[in-house]
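Input: a single structure, listed below in structure tokens.
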Amino acid sequence: MWPRLAFGALTAALGGIAGLILPQLLRVLVDDLAAHPTKATLMAGIGVMAIFGVLEAAMYAARRQFTVKPAVAIERQMREDLFVRLQRLPAGFHDAWSSGQLLSRSMSDLGLVRRYLAFGSVMTVSSAVVIAVGLVMMYILDWRFFLLYAVIVAPMFIAGTVFRTRFHQASRRVMDLQGELATTVEESVQGIRILKAFGRADFSARQLVARLSGLKQAELGKASTLGWFIGVVTALPGLTMAAALLIGVRLVVEGQMSPGTLVAFFATAGLLSNPLAELGQFIGMYVATKAALERHVEIMREPTSIASPSQPESPARSGRLELRGVGFRYPDAAPDAAPILHDVNLRLTPGETMALVGETGSGKSTLLQLIPRIYEATEGTVLVDGADVRSLALADLRTRIAVAFEDATLFSDSVRRNVLLGVPAAADDDEREAALAEALRVAQAGFVASLPEGADTQIGEEGLSLSGGQRQRLALARAVAARPDIMLLDDPLSALDVSTEERVIAELGDALAETTTLIVAHRPSTVALADRVALLEGGTITAVGPHQQLLEENAHYRHVISSLHEDETVEELFAPEDEPVPAAPASADETPKGGAA
Ligand SMILES: Nc1ncnc2c1ncn2[C@@H]1O[C@H](COP(=O)(O)OP(=O)(O)OP(=O)(O)O)[C@@H](O)[C@H]1O
């Protein structure tokens, strides 16, 4: 890869040097033709010029051949590394970074790096070589001209130093604003229904216009910085040539210099003016690429605090789950804020189903996310199969556990691939099909059969849109298909109508008989699925026991349960289990709840 880039720079430099030979030929031709004008001299001169011209063109073509491939390969590799990094970084990192910033860093920033590698870097080397060789040739032609030309280097150097600092700041600002713009566009597209429903499309447009104006100003500032620098690097050689013309004509008239030398100087100076002006552009490209790389490195250096241990344990799989003295505060929480969770002690026996109940915002979802290490407990220990989760390889831990969140995220892919996401790659086709059929049955996702292409139907952003209830059932099917030892369900049935929910619960009860399940419940009917219920109150578990017992003994539990379901009174909840519960209206409640849209 790097040798190809080096060859690219070499061919670019050789092409430039081949071009610099032409003024020397011009000098010989002019002086010889003036002294002994013969047809043979003229033809030889034209022939050599043509050869060098073709050589210059061939070198140009070779440069592109050498440089484009490695630059594209490096860009691809950097993008892959960034993506892998983003996957590994903890959820806390993603909370703190906007998606637009990550998008612009992985797309436009890395495109800039590719362009600099394929073009800017080799052309910088070749321009520098051409300028150096050109200056040597000027010296050979006449030292006075060389001196004259060399004088402009000092102001160019000063201008270059000032330019680099300013252009770096301007480039960085433009990139950051591009990231913010990407976030605004993404949020407006994601939230288009809300904006339309509230008639606030103009609000989003105004926000976008404000961002665009900011970006425009920053782009203009960047362009004007580049503009004045290129102006300086173009004007200085021009001024030098004017001075050289004055001095050169005088030297020729006085007979101290041949006309050929003067012509050759101007031809050389003409050839150098382009690399000099381009060098300005390339320095600009270098500075912008440096800013892009800094943004890249910022992410690549983010600590992956949640990682696999170097020597992971591999305890026998049993489905045991225990939380010992667990506490947690979010990384971005104020230092004086109370922890979300503290002193949480909970033990689930293998195969047990436990419901987690608490008031809204009490930390139920947070607690669930500590188990597969989506967030890391800041106090205490989470144990899976008797081992601290931090001592297990992450991949291993996450095959032991499957999760289904209320906000069912599906990918732009077929139903089949979405549901089989957690099935081990080693499973053969029959096993995969069996897992799919079983999972769809348990999750009551029979609607899949009536989709246009059944389980091969494309869903997600690039495919068919599903209702909130359908998506939740597929997310639940995904968790079931993974056949974990421990299942974490974060209110995964909230968008289902009551009768579908009852059927799912009945199926889940059978399917999860041997799976340890912790289920965040917002409906008494979900709570009924559980062997025992844990009550989360004030950031800790204050009671654990069977639903009926907690209803009888715990006032806060009664309060939470009664607030969960408006249709059922506390008295009805006390009703013996075999007594029929009044049927809730079987509305087609498949619309997404809250943020699950
Ligand atoms: N990523 C986050 N960063 C900072 N604070 C958060 C984050 N996610 C949640 N919180 C805060 O943690 C608290 C607990 O949230 P959590 O979602 O765990 O509650 P919950 O009991 O699941 O709520 P609900 O029943 O409404 O789903 C809330 O006060 C919330 O504002």
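The values are calculated or read from the model by the stated rules, or taken from the named source; none is laboratory data. Computed from a predicted model, the values in this text were never measured in an experiment. Cβ atoms come from the backbone with ideal geometry, glycine included; neighbour counts cover every protein chain shown. Surface areas here come from the heavy atoms of the whole protein model, side chains and all, with no ligands, DNA or RNA. Shrake-Rupley method; radii C 1.70, N 1.55, O 1.52, S 1.80 Å.
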Working only within the range 514-547, note down all residues that are part of a helix (DSSP H, G or I), farther than 21 Å from GLY361 by Cβ and either modelled with pLDDT of 90 or more or within 13 Å of the ligand (Cβ to nearest atom) (or both). HIS547
Which pairs do you get when a residue that is closer than 15 Å to THR183 by Cβ, found in the range 196-210, comes within reach of a residue that is polar (S, T, N, Q), reach meaning Cβ atoms under 7 angstrom, with the pair 6+ apart or on two chains? SER204/SER188; GLN207/THR184; LEU208/THR184; LEU208/SER188
Per-region count, the range 484-509, residues touching a residue at least 60 places away in the same chain (Cβ under 8 Å) and either within 16 Å of the ligand (Cβ to nearest atom) or within 23 Å of GLU431 (Cβ to Cβ) (or both): 13
From the set of residues in the range 375-402 that are within 24 Å of GLU537 (Cα to Cα) and open to solvent by 50 Å² or more (accessible area, probe 1.4 Å), which is farthest from the ligand (Cβ to nearest atom)? GLU379
Quickly run through the range 60-75 and pick out the residues that are closer than 14 Å to LEU112 by Cα and either open to solvent by 50 Å² or more (accessible area, probe 1.4 Å) or without any contact (Cβ under 8 Å) to a residue 40 or more places away in the chain (or both). VAL68, VAL72
I want to confirm something. Restricting to the range 470-507 and keeping residues that are closer than 14 Å to ALA528 by Cα and hydrophobic (A, V, I, L, M, F, W, C), which single residue is surrounded by the fewest Cβ atoms within 10 Å (Cβ to Cβ)? ALA506
With PRO303, PRO331 as the choices, which residue is of a type outside the set (Lys, Arg), part of a loop (DSSP other than H, G, I, E, B), within 16 Å of the ligand (Cβ to nearest atom) and open to solvent by 80 Å² or more (accessible area, probe 1.4 Å)? PRO331
For ARG317, indicate whether it is basic (Lys, Arg) and within 15 Å of the ligand (Cβ to nearest atom). no
Looking at the range 29-41, is at least one residue open to solvent by 70 Å² or more (accessible area, probe 1.4 Å), touching a residue at least 12 places away in the same chain (Cβ under 8 Å) and over 41 Å from the mean Cα position of the chain (by Cα)? yes
Name the helices (runs of 4 or more DSSP H) wholly inside the range 396-513 in which the number of residues that are of a type in the set (Gly, Ala, Ser) is 3 or more. 429-442, 468-481, 498-511
Answer yes or no: is there a residue in the range 228-249 that is in a helix (DSSP H, G or I) and more than 30 Å from LEU26 (Cβ to Cβ). yes
Residue that is nearest to the chain's Cα centre (by Cα) [pool: residues in the range 344-363 that are within 13 Å of the ligand (Cβ to nearest atom) and loosely packed, with under 15 Cβ neighbours inside 10 Å]: GLY361
Among the numbered criteria (1) surrounded by fewer than 20 Cβ atoms within 10 Å (Cβ to Cβ); (2) more than 30 Å from ILE21 (Cα to Cα); (3) of a type outside the set (Phe, Trp, Tyr), which one does ASP109 miss? (1)
Determine which single condition ALA437 fails, assuming it passes every other condition in (1) of a type in the set (A, V, I, L, M, F, W, C); (2) open to solvent by 30 Å² or more (accessible area, probe 1.4 Å); (3) within 29 Å of the chain's Cα centre (by Cα). (3)
If the Cβ limit is 7 Å and pairs must be 6+ apart or interchain, which residue in the range 295-324 that is in contact (Cβ under 8 Å) with a residue 60 or more places away in the chain pairs with which residue that is open to solvent by 80 Å² or more (accessible area, probe 1.4 Å)? THR304/ARG88; PRO309/ARG390; GLU322/ARG347; LEU323/ASN345
With the structure loaded, tell me whether LEU341 is touching a residue at least 40 places away in the same chain (Cβ under 8 Å), farther than 20 Å from LEU512 by Cβ, within 16 Å of the ligand (Cβ to nearest atom) and hydrophobic (A, V, I, L, M, F, W, C) or whether it fails that test. yes
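Conditions (1) surrounded by 16 or more Cβ atoms within 10 Å (Cβ to Cβ); (2) not polar (S, T, N, Q), marked per residue:
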| residue | (1), (2) |
| --- | --- |
| LEU177 | yes, yes |
| SER188 | yes, no |
| LEU212 | no, yes |
| LYS222 | yes, yes |
| THR225 | yes, no |
| PRO237 | yes, yes |
| MET241 | yes, yes |
| GLY255 | no, yes |
